[in-house]
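A.B. asks: Shown below is the structure under consideration.
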Amino acid sequence: MAEFLKLLISLSEKAANLARVIRSEHALFELLVEEKTGDAKNKRFVQDFKTLADVLIQEMIKHDVSEKFPEMKEHIYGEESNLFTNTLGESIAVGVQSTQEETAQLLGKVLDGNTAAANILAKVIHQELDEVKDEKVDKLVLELDMENFAIWIDPIDSTSEYIKGISDNVAENGVHSCGLECSTVLIGVYDRNTGLPVIGVINQPFAQLDKTTAKWQGRPIWGVCWKDIRANSYSDGHDSQERKSPLAVVLSSSEQENIKSAVAAGGKGRYQYASGAGYKALCVSDKLVDAYILSKGTTFKWDCCAPHAILTSMGGGIVDLKKAMQCGDDGACLNSAAIHYDKPDSNDYEPGQKWANSGGMIAYWSEDAAKEILKLLQTHKL
Ligand code: 2IP
Ligand code: CA
(Lines give C-alpha, C1' and ligand atoms only; values in the text may rest on other atoms or scores of the structure.)
(Ligands and ions follow the chains in the order given, each with its own letter.)
Protein backbone atom coordinates (compact mmCIF):
# COMPACT_ATOMS: atom_id res chain seq x y z
CA MET A 1 0.00 0.00 0.00
CA ALA A 2 2.96 2.30 -0.34
CA GLU A 3 1.20 3.29 -3.57
CA PHE A 4 -1.33 5.24 -1.47
CA LEU A 5 1.53 7.25 0.06
CA LYS A 6 3.10 7.66 -3.40
CA LEU A 7 -0.23 8.92 -4.74
CA LEU A 8 -0.50 11.53 -1.98
CA ILE A 9 3.08 12.70 -2.55
CA SER A 10 2.44 12.99 -6.32
CA LEU A 11 -0.80 14.85 -5.66
CA SER A 12 0.99 17.24 -3.32
CA GLU A 13 3.48 17.94 -6.14
CA LYS A 14 0.61 18.55 -8.59
CA ALA A 15 -1.07 20.87 -6.06
CA ALA A 16 2.22 22.71 -5.47
CA ASN A 17 2.64 23.08 -9.24
CA LEU A 18 -0.88 24.53 -9.53
CA ALA A 19 -0.08 26.99 -6.74
CA ARG A 20 3.08 28.08 -8.62
CA VAL A 21 1.30 28.27 -12.01
CA ILE A 22 -1.43 30.50 -10.57
CA ARG A 23 1.25 32.92 -9.48
CA SER A 24 3.36 32.71 -12.62
CA GLU A 25 0.68 32.76 -15.36
CA HIS A 26 -0.43 36.35 -15.87
CA ALA A 27 -3.98 35.35 -16.93
CA LEU A 28 -4.39 33.76 -13.50
CA PHE A 29 -2.19 35.99 -11.40
CA GLU A 30 -4.26 39.08 -12.27
CA LEU A 31 -7.35 37.31 -10.90
CA LEU A 32 -5.45 36.33 -7.76
CA VAL A 33 -4.03 39.79 -7.15
CA GLU A 34 -7.40 41.42 -7.74
CA GLU A 35 -8.78 38.93 -5.29
CA LYS A 36 -7.98 40.54 -1.98
CA THR A 37 -10.51 39.92 0.78
CA GLY A 38 -13.56 42.00 1.74
CA ASP A 39 -14.79 44.68 -0.68
CA ALA A 40 -11.82 44.31 -3.06
CA LYS A 41 -13.35 41.04 -4.29
CA ASN A 42 -13.51 40.67 -8.02
CA LYS A 43 -16.97 41.57 -9.34
CA ARG A 44 -16.72 38.80 -11.95
CA PHE A 45 -17.72 36.18 -9.43
CA VAL A 46 -18.76 36.29 -5.83
CA GLN A 47 -16.09 34.24 -4.15
CA ASP A 48 -12.45 35.21 -4.39
CA PHE A 49 -10.16 33.53 -6.89
CA LYS A 50 -7.87 32.19 -4.18
CA THR A 51 -10.79 30.15 -2.88
CA LEU A 52 -11.27 28.78 -6.40
CA ALA A 53 -7.61 27.77 -6.45
CA ASP A 54 -8.06 26.09 -3.05
CA VAL A 55 -11.21 24.28 -4.18
CA LEU A 56 -9.55 23.12 -7.41
CA ILE A 57 -6.67 21.58 -5.47
CA GLN A 58 -9.11 19.99 -3.01
CA GLU A 59 -11.27 18.60 -5.82
CA MET A 60 -8.22 17.39 -7.76
CA ILE A 61 -7.02 15.40 -4.73
CA LYS A 62 -10.56 14.10 -4.11
CA HIS A 63 -10.90 13.04 -7.78
CA ASP A 64 -7.51 11.34 -8.08
CA VAL A 65 -7.69 9.55 -4.70
CA SER A 66 -11.30 8.39 -5.27
CA GLU A 67 -10.35 7.04 -8.71
CA LYS A 68 -7.68 4.76 -7.24
CA PHE A 69 -9.24 4.18 -3.79
CA PRO A 70 -13.04 4.39 -4.18
CA GLU A 71 -13.50 3.50 -0.50
CA MET A 72 -12.05 6.92 0.36
CA LYS A 73 -14.48 8.91 -1.82
CA GLU A 74 -16.85 10.02 0.96
CA HIS A 75 -14.08 10.68 3.47
CA ILE A 76 -12.02 13.45 1.90
CA TYR A 77 -12.59 16.79 3.62
CA GLY A 78 -11.22 20.25 3.08
CA GLU A 79 -11.44 23.84 4.18
CA GLU A 80 -13.62 25.06 1.36
CA SER A 81 -17.03 24.23 -0.11
CA ASN A 82 -16.91 23.53 -3.87
CA LEU A 83 -20.04 25.57 -4.64
CA PHE A 84 -19.44 28.79 -6.56
CA THR A 85 -21.92 31.46 -7.66
CA ASN A 86 -21.02 33.46 -10.75
CA THR A 87 -22.37 36.93 -11.50
CA LEU A 88 -25.19 35.37 -13.55
CA GLY A 89 -26.33 33.95 -10.22
CA GLU A 90 -25.64 30.38 -11.39
CA SER A 91 -24.50 28.12 -8.55
CA ILE A 92 -21.79 25.84 -9.93
CA ALA A 93 -20.27 22.81 -8.20
CA VAL A 94 -16.59 22.91 -9.11
CA GLY A 95 -15.04 19.51 -9.72
CA VAL A 96 -12.69 17.63 -12.03
CA GLN A 97 -14.64 16.43 -15.08
CA SER A 98 -13.81 13.36 -17.14
CA THR A 99 -11.90 15.35 -19.78
CA GLN A 100 -9.71 18.46 -19.70
CA GLU A 101 -12.10 20.17 -22.13
CA GLU A 102 -15.10 19.55 -19.88
CA THR A 103 -13.20 20.85 -16.84
CA ALA A 104 -12.16 23.96 -18.81
CA GLN A 105 -15.78 24.48 -19.87
CA LEU A 106 -17.00 24.23 -16.27
CA LEU A 107 -14.30 26.60 -15.02
CA GLY A 108 -15.19 29.02 -17.83
CA LYS A 109 -18.66 29.32 -16.29
CA VAL A 110 -17.21 30.09 -12.84
CA LEU A 111 -14.63 32.46 -14.30
CA ASP A 112 -17.31 34.30 -16.24
CA GLY A 113 -16.06 33.30 -19.69
CA ASN A 114 -12.34 33.82 -19.01
CA THR A 115 -11.32 30.89 -21.20
CA ALA A 116 -7.60 31.70 -21.04
CA ALA A 117 -7.59 31.21 -17.28
CA ALA A 118 -9.96 28.22 -17.46
CA ASN A 119 -7.78 26.42 -20.02
CA ILE A 120 -4.55 26.92 -18.06
CA LEU A 121 -6.14 25.61 -14.85
CA ALA A 122 -7.74 22.61 -16.61
CA LYS A 123 -4.43 21.71 -18.25
CA VAL A 124 -2.59 21.55 -14.92
CA ILE A 125 -5.41 19.65 -13.21
CA HIS A 126 -5.47 16.95 -15.91
CA GLN A 127 -1.71 16.55 -16.03
CA GLU A 128 -0.42 13.01 -15.48
CA LEU A 129 0.92 12.47 -11.96
CA ASP A 130 4.72 12.44 -11.74
CA GLU A 131 6.25 9.14 -10.66
CA VAL A 132 7.56 9.45 -7.07
CA LYS A 133 11.22 8.53 -6.91
CA ASP A 134 11.87 7.92 -3.20
CA GLU A 135 13.57 4.71 -2.16
CA LYS A 136 12.39 5.18 1.45
CA VAL A 137 8.82 4.95 0.15
CA ASP A 138 9.67 1.99 -2.10
CA LYS A 139 11.03 0.07 0.89
CA LEU A 140 7.88 0.64 2.95
CA VAL A 141 5.47 -2.29 3.36
CA LEU A 142 2.20 -0.69 4.50
CA GLU A 143 -0.87 -2.81 5.23
CA LEU A 144 -3.36 0.09 5.52
CA ASP A 145 -7.04 -0.14 6.54
CA MET A 146 -8.09 2.29 3.81
CA GLU A 147 -11.80 1.79 4.49
CA ASN A 148 -11.23 3.26 7.98
CA PHE A 149 -9.24 6.28 6.81
CA ALA A 150 -10.22 9.88 6.02
CA ILE A 151 -8.28 12.84 4.67
CA TRP A 152 -8.04 16.51 5.73
CA ILE A 153 -6.76 18.86 3.02
CA ASP A 154 -5.51 22.40 3.35
CA PRO A 155 -4.85 23.17 -0.32
CA ILE A 156 -2.77 26.31 0.20
CA ASP A 157 -2.09 27.24 3.82
CA SER A 158 -1.14 30.81 4.71
CA THR A 159 -3.47 32.48 2.27
CA SER A 160 -2.13 35.93 3.16
CA GLU A 161 1.51 35.07 2.34
CA TYR A 162 0.44 33.31 -0.85
CA ILE A 163 -1.43 36.36 -2.16
CA LYS A 164 1.23 38.84 -0.99
CA GLY A 165 3.77 36.75 -2.88
CA ILE A 166 7.03 38.16 -1.55
CA SER A 167 10.13 36.10 -0.80
CA ASP A 168 11.55 36.47 2.67
CA ASN A 169 15.05 35.46 1.82
CA VAL A 170 16.50 36.34 5.23
CA ALA A 171 15.63 33.37 7.40
CA GLU A 172 16.51 33.53 11.12
CA ASN A 173 17.78 30.13 12.35
CA GLY A 174 16.44 28.79 9.05
CA VAL A 175 12.90 30.02 9.86
CA HIS A 176 11.19 32.45 7.46
CA SER A 177 9.02 34.91 9.38
CA CYS A 178 6.93 35.65 6.29
CA GLY A 179 6.92 35.23 2.53
CA LEU A 180 5.89 32.57 0.01
CA GLU A 181 8.20 30.16 1.84
CA CYS A 182 5.49 30.02 4.55
CA SER A 183 2.85 28.65 2.16
CA THR A 184 2.27 24.91 2.33
CA VAL A 185 0.00 22.25 0.83
CA LEU A 186 -1.23 19.99 3.67
CA ILE A 187 -2.65 16.47 3.13
CA GLY A 188 -3.32 14.57 6.37
CA VAL A 189 -4.78 11.05 6.67
CA TYR A 190 -6.33 9.90 9.94
CA ASP A 191 -7.87 6.69 11.26
CA ARG A 192 -11.63 7.21 11.72
CA ASN A 193 -11.64 4.61 14.50
CA THR A 194 -9.08 6.37 16.70
CA GLY A 195 -9.25 9.91 15.29
CA LEU A 196 -5.44 9.90 15.24
CA PRO A 197 -3.17 10.78 12.28
CA VAL A 198 -1.70 7.97 10.14
CA ILE A 199 -0.03 9.65 7.13
CA GLY A 200 1.01 13.26 6.55
CA VAL A 201 2.28 14.92 3.38
CA ILE A 202 3.39 18.57 3.39
CA ASN A 203 4.52 20.27 0.22
CA GLN A 204 6.31 23.62 0.32
CA PRO A 205 5.70 24.94 -3.24
CA PHE A 206 8.02 27.93 -2.70
CA ALA A 207 10.78 26.29 -0.66
CA GLN A 208 13.71 27.73 -2.62
CA LEU A 209 14.00 30.42 -5.28
CA ASP A 210 16.55 29.38 -7.93
CA LYS A 211 18.25 32.71 -8.52
CA THR A 212 19.59 31.71 -11.96
CA THR A 213 16.23 30.64 -13.43
CA ALA A 214 14.10 32.80 -11.09
CA LYS A 215 11.96 29.68 -10.68
CA TRP A 216 10.66 28.37 -7.37
CA GLN A 217 11.70 24.84 -6.28
CA GLY A 218 9.17 22.90 -4.20
CA ARG A 219 9.79 20.35 -1.46
CA PRO A 220 7.62 17.39 -0.36
CA ILE A 221 7.90 16.04 3.22
CA TRP A 222 6.04 12.93 4.38
CA GLY A 223 5.58 10.85 7.53
CA VAL A 224 3.83 7.59 8.44
CA CYS A 225 2.74 6.44 11.90
CA TRP A 226 0.67 3.29 11.45
CA LYS A 227 0.68 0.30 13.82
CA ASP A 228 4.40 -0.31 14.54
CA ILE A 229 5.61 1.62 11.48
CA ARG A 230 7.30 4.99 12.07
CA ALA A 231 8.88 6.36 8.87
CA ASN A 232 9.42 9.74 7.23
CA SER A 233 11.23 11.45 4.38
CA TYR A 234 13.92 12.95 6.61
CA SER A 235 17.45 11.56 6.45
CA ASP A 236 18.30 8.98 9.12
CA GLY A 237 20.60 11.45 10.87
CA HIS A 238 17.70 13.86 11.21
CA ASP A 239 15.62 11.59 13.42
CA SER A 240 18.55 11.00 15.79
CA GLN A 241 19.48 14.74 15.94
CA GLU A 242 19.58 15.85 19.58
CA ARG A 243 17.94 18.98 21.06
CA LYS A 244 19.96 22.16 21.40
CA SER A 245 19.53 24.58 24.32
CA PRO A 246 18.03 26.97 25.10
CA LEU A 247 14.49 25.93 24.26
CA ALA A 248 13.54 27.36 20.83
CA VAL A 249 9.91 28.06 19.99
CA VAL A 250 8.09 29.45 16.93
CA LEU A 251 4.92 31.50 17.46
CA SER A 252 2.20 33.26 15.51
CA SER A 253 2.85 36.99 15.36
CA SER A 254 -0.51 37.38 17.11
CA GLU A 255 0.45 35.20 20.10
CA GLN A 256 -0.32 36.47 23.61
CA GLU A 257 2.36 38.40 25.53
CA ASN A 258 2.20 36.06 28.54
CA ILE A 259 3.18 33.06 26.39
CA LYS A 260 6.15 34.99 24.99
CA SER A 261 7.33 36.12 28.44
CA ALA A 262 6.91 32.61 29.89
CA VAL A 263 9.09 31.15 27.12
CA ALA A 264 11.76 33.85 27.41
CA ALA A 265 11.75 34.10 31.22
CA GLY A 266 15.17 33.79 32.78
CA GLY A 267 16.78 33.26 29.38
CA LYS A 268 15.54 29.65 29.49
CA GLY A 269 14.12 29.89 26.00
CA ARG A 270 13.91 31.95 22.86
CA TYR A 271 11.06 32.53 20.43
CA GLN A 272 10.60 33.81 16.91
CA TYR A 273 7.61 34.44 14.65
CA ALA A 274 6.54 32.83 11.39
CA SER A 275 3.43 32.92 9.23
CA GLY A 276 1.42 29.82 8.38
CA ALA A 277 0.19 27.22 10.83
CA GLY A 278 1.38 24.43 8.53
CA TYR A 279 4.75 26.12 8.00
CA LYS A 280 5.35 26.61 11.73
CA ALA A 281 4.65 22.92 12.35
CA LEU A 282 7.03 22.14 9.46
CA CYS A 283 9.76 24.19 11.19
CA VAL A 284 9.29 21.84 14.16
CA SER A 285 9.60 18.63 12.10
CA ASP A 286 12.60 20.22 10.32
CA LYS A 287 14.00 20.58 13.89
CA LEU A 288 14.70 24.29 13.28
CA VAL A 289 12.86 24.83 16.58
CA ASP A 290 11.74 22.56 19.43
CA ALA A 291 8.07 23.51 19.30
CA TYR A 292 5.25 25.62 17.91
CA ILE A 293 2.98 26.95 20.67
CA LEU A 294 -0.44 28.45 19.96
CA SER A 295 -2.70 29.56 22.81
CA LYS A 296 -5.64 30.51 20.57
CA GLY A 297 -8.18 28.40 18.71
CA THR A 298 -7.22 29.94 15.34
CA THR A 299 -6.11 26.76 13.57
CA PHE A 300 -8.18 23.90 12.22
CA LYS A 301 -7.99 20.13 11.81
CA TRP A 302 -6.83 20.63 8.20
CA ASP A 303 -3.86 22.74 9.41
CA CYS A 304 -2.52 20.08 11.76
CA CYS A 305 -3.38 16.55 10.57
CA ALA A 306 -0.47 16.29 8.11
CA PRO A 307 2.27 17.75 10.38
CA HIS A 308 0.87 15.73 13.30
CA ALA A 309 1.48 12.46 11.43
CA ILE A 310 5.01 13.56 10.45
CA LEU A 311 5.87 14.65 14.01
CA THR A 312 4.46 11.40 15.46
CA SER A 313 6.69 9.45 13.05
CA MET A 314 9.73 11.05 14.76
CA GLY A 315 8.56 10.57 18.35
CA GLY A 316 6.80 13.91 18.67
CA GLY A 317 3.21 14.99 18.23
CA ILE A 318 0.62 17.77 18.45
CA VAL A 319 -1.41 18.18 21.65
CA ASP A 320 -4.32 20.38 22.66
CA LEU A 321 -2.64 23.03 24.84
CA LYS A 322 -5.54 23.41 27.26
CA LYS A 323 -5.77 19.63 27.80
CA ALA A 324 -1.98 19.26 28.10
CA MET A 325 -1.88 21.96 30.77
CA GLN A 326 -4.13 19.74 32.91
CA CYS A 327 -1.48 17.02 32.68
CA GLY A 328 0.58 18.33 35.56
CA ASP A 329 4.12 19.56 35.02
CA ASP A 330 5.50 16.12 34.25
CA GLY A 331 3.32 15.93 31.15
CA ALA A 332 2.36 12.40 32.21
CA CYS A 333 -0.83 12.41 30.15
CA LEU A 334 0.66 14.06 27.05
CA ASN A 335 -0.59 11.31 24.76
CA SER A 336 -4.16 11.64 25.98
CA ALA A 337 -4.01 15.35 25.06
CA ALA A 338 -3.24 14.56 21.40
CA ILE A 339 -5.40 16.46 18.91
CA HIS A 340 -8.05 14.25 17.29
CA TYR A 341 -9.39 14.61 13.74
CA ASP A 342 -12.62 12.58 13.62
CA LYS A 343 -14.93 14.87 15.55
CA PRO A 344 -15.17 18.52 16.64
CA ASP A 345 -13.57 19.39 19.99
CA SER A 346 -17.02 20.24 21.34
CA ASN A 347 -20.58 20.40 20.07
CA ASP A 348 -21.18 24.06 20.82
CA TYR A 349 -19.06 25.99 18.39
CA GLU A 350 -19.36 29.39 16.71
CA PRO A 351 -20.22 29.46 13.00
CA GLY A 352 -17.18 28.45 10.94
CA GLN A 353 -15.42 27.07 14.05
CA LYS A 354 -16.69 23.47 13.94
CA TRP A 355 -13.26 22.06 13.08
CA ALA A 356 -11.15 24.52 15.06
CA ASN A 357 -8.47 23.30 17.44
CA SER A 358 -10.31 25.20 20.14
CA GLY A 359 -7.82 24.55 22.94
CA GLY A 360 -4.75 25.85 21.13
CA MET A 361 -1.80 23.51 20.61
CA ILE A 362 1.81 22.55 21.14
CA ALA A 363 3.54 20.88 18.17
CA TYR A 364 6.79 19.19 19.23
CA TRP A 365 9.33 16.66 17.99
CA SER A 366 10.61 15.54 21.38
CA GLU A 367 8.47 14.83 24.43
CA ASP A 368 10.96 16.38 26.82
CA ALA A 369 10.60 19.71 25.00
CA ALA A 370 6.82 19.50 25.36
CA LYS A 371 7.18 18.72 29.08
CA GLU A 372 9.67 21.60 29.53
CA ILE A 373 7.15 23.96 27.92
CA LEU A 374 4.30 22.72 30.13
CA LYS A 375 6.46 23.28 33.20
CA LEU A 376 7.33 26.81 32.00
CA LEU A 377 3.70 27.70 31.31
CA GLN A 378 2.53 26.22 34.60
CA THR A 379 5.13 28.09 36.66
CA HIS A 380 3.86 31.23 34.97
CA LYS A 381 0.33 30.17 35.88
CA LEU A 382 -0.93 30.44 32.29
C1 2IP B 1 -4.31 30.15 8.48
C2 2IP B 1 -2.85 30.43 8.23
C3 2IP B 1 -2.46 31.59 9.09
C4 2IP B 1 -2.61 31.20 10.56
C5 2IP B 1 -4.05 30.76 10.83
C6 2IP B 1 -4.43 29.63 9.89
O7 2IP B 1 -4.78 29.23 7.55
O8 2IP B 1 -2.06 29.31 8.52
O9 2IP B 1 -1.12 31.89 8.81
O10 2IP B 1 -2.37 32.34 11.34
O11 2IP B 1 -4.12 30.30 12.16
O12 2IP B 1 -5.77 29.22 10.14
P13 2IP B 1 -0.86 32.68 11.81
O14 2IP B 1 -0.10 33.05 10.60
O15 2IP B 1 -1.02 33.82 12.77
O16 2IP B 1 -0.30 31.44 12.47
P17 2IP B 1 -5.27 29.77 6.08
O18 2IP B 1 -4.20 30.65 5.53
O19 2IP B 1 -5.44 28.49 5.31
O20 2IP B 1 -6.54 30.51 6.34
CA1 CA C 1 -4.82 26.90 6.88
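The values are calculated or read from the model by the stated rules, or taken from the named source; none is laboratory data. Fair warning: this is a prediction, and the values are worked out from it, not measured in the lab. All Cβ positions, glycine included, derive from the backbone under ideal geometry; neighbour counts span all protein chains shown. Ligands, DNA and RNA are stripped out before the accessible areas are found, and what is left, the full protein with its side chains, is counted by its heavy atoms. Shrake-Rupley method; radii C 1.70, N 1.55, O 1.52, S 1.80 Å.
A.B. asks: Counting residues that are of a type outside the set (V, I, T) and within 16 Å of ligand 2 (Cβ to nearest atom), which strands (runs of 3 or more DSSP E) fully inside the range 130-237 reach at least 2?
C.D. replies: Details: elements: 149-157, 184-191, 197-210, 215-226, 229-232.
In the range 130-237, 149-157, 184-191, 197-210 are the strands (runs of 3 or more DSSP E) which contain 2 or more residues that are of a type outside the set (V, I, T) and within 16 Å of ligand 2 (Cβ to nearest atom).
A.B. asks: Of all residues in the range 238-259, which are part of a helix (DSSP H, G or I) and either within 16 Å of ligand 1 (Cβ to nearest atom) or open to solvent by less than 70 Å² (accessible area, probe 1.4 Å) (or both)?
C.D. replies: Taking the range 238-259 as the starting set, the residues that turn out to be part of a helix (DSSP H, G or I) are 238-240, 257-259.
Within the range 238-259, H238, D239, E257, N258, I259 meet the criteria.
A.B. asks: May I pose another question? Out of the residues in the range 93-107 meeting the condition of being in a helix (DSSP H, G or I) and open to solvent by less than 10 Å² (accessible area, probe 1.4 Å), tell me which one is farthest from K62 (Cα to Cα).
C.D. replies: Just the residues of the range 93-107 that are in a helix (DSSP H, G or I), to begin with: 100-107.
Pick out the ones that are also open to solvent by less than 10 Å² (accessible area, probe 1.4 Å) and you get 103, 107.
Numbers: T103: 15, L107: 17 Å.
It comes out as L107.
A.B. asks: Which residues, taken from the range 319-367, are on the phi > 0 side of the Ramachandran plot and over 21 Å from the mean Cα position of the chain (by Cα)? So that I can check it myself, show each step before the final result.
C.D. replies: Keep residues of the range 319-367 that are on the phi > 0 side of the Ramachandran plot, which gives 328, 331, 352, 360.
Matches in the range 319-367: G328, G331.
A.B. asks: Restricting the search to the range 267-305, which residues are within 16 Å of ligand 2 (Cβ to nearest atom), among the polar types (S, T, N, Q) and either under 18 Å from K244 (Cβ atoms) or more than 13 Å from the chain's Cα centre (by Cα) (or both)?
C.D. replies: Passing the criteria: only T298.
A.B. asks: Could you give me the residue pairs with C-beta distances under 6 Å whose first residue belongs to the range 139-160 and is touching a residue at least 60 places away in the same chain (Cβ under 8 Å), whose second residue is within 9 Å of ligand 2 (Cβ to nearest atom) and open to solvent by 30 Å² or more (accessible area, probe 1.4 Å) wherever it lies, and which are 6+ apart or on separate chains?
C.D. replies: D154/E79
A.B. asks: So which of S261, S233, S245 ends up being at pLDDT 95 or above and not basic (K, R)? Show your work before the answer.
C.D. replies: Values: S261 fails: at pLDDT 95 or above; S245 fails: at pLDDT 95 or above.
Exactly one of S261, S233, S245 is at pLDDT 95 or above and not basic (K, R), namely S233.
A.B. asks: So is V132 more than 21 Å from C283 (Cβ to Cβ) and modelled with pLDDT under 90 or not? Break it down into steps so the answer makes sense when it comes.
C.D. replies: Values: more than 21 Å from C283 (Cβ to Cβ): yes; modelled with pLDDT under 90: yes.
It is true that V132 is more than 21 Å from C283 (Cβ to Cβ) and modelled with pLDDT under 90.
A.B. asks: Okay, next question. Whether any residue in the range 253-261 is under 20 Å from T159 (Cβ atoms) and more than 16 Å from ligand 2 (Cβ to nearest atom) is what I want to check. Break it down into steps so the answer makes sense when it comes.
C.D. replies: Just the residues of the range 253-261 that are under 20 Å from T159 (Cβ atoms), to begin with: 253-255.
Narrowing further to those that are more than 16 Å from ligand 2 (Cβ to nearest atom): 255.
Looking through the range 253-261, at least one residue is under 20 Å from T159 (Cβ atoms) and more than 16 Å from ligand 2 (Cβ to nearest atom).
A.B. asks: Follow-up. Among A150, A122, which is under 20 Å from the mean Cα position of the chain (by Cα) and more than 15 Å from ligand 1 (Cβ to nearest atom)?
C.D. replies: Numbers: A122 fails: under 20 Å from the mean Cα position of the chain (by Cα).
That would be A150, the only listed residue that is under 20 Å from the mean Cα position of the chain (by Cα) and more than 15 Å from ligand 1 (Cβ to nearest atom).
A.B. asks: Restricting attention to the range 295-312, report how many residues are open to solvent by 10 Å² or more (accessible area, probe 1.4 Å) and away from ligand 1 (no atom under 16 Å from the Cβ).
C.D. replies: Result for the range 295-312: 1.
A.B. asks: Could you please find all residues in the range 260-278 being at negative phi and open to solvent by less than 20 Å² (accessible area, probe 1.4 Å)? So that I can check it myself, show each step before the final result.
C.D. replies: Here is the first cut: in the range 260-278, the ones at negative phi are 260-265, 268-275, 277-278.
Within the range 260-278, K260, A262, V263, G269, Q272, A274, A277, G278 meet the criteria.
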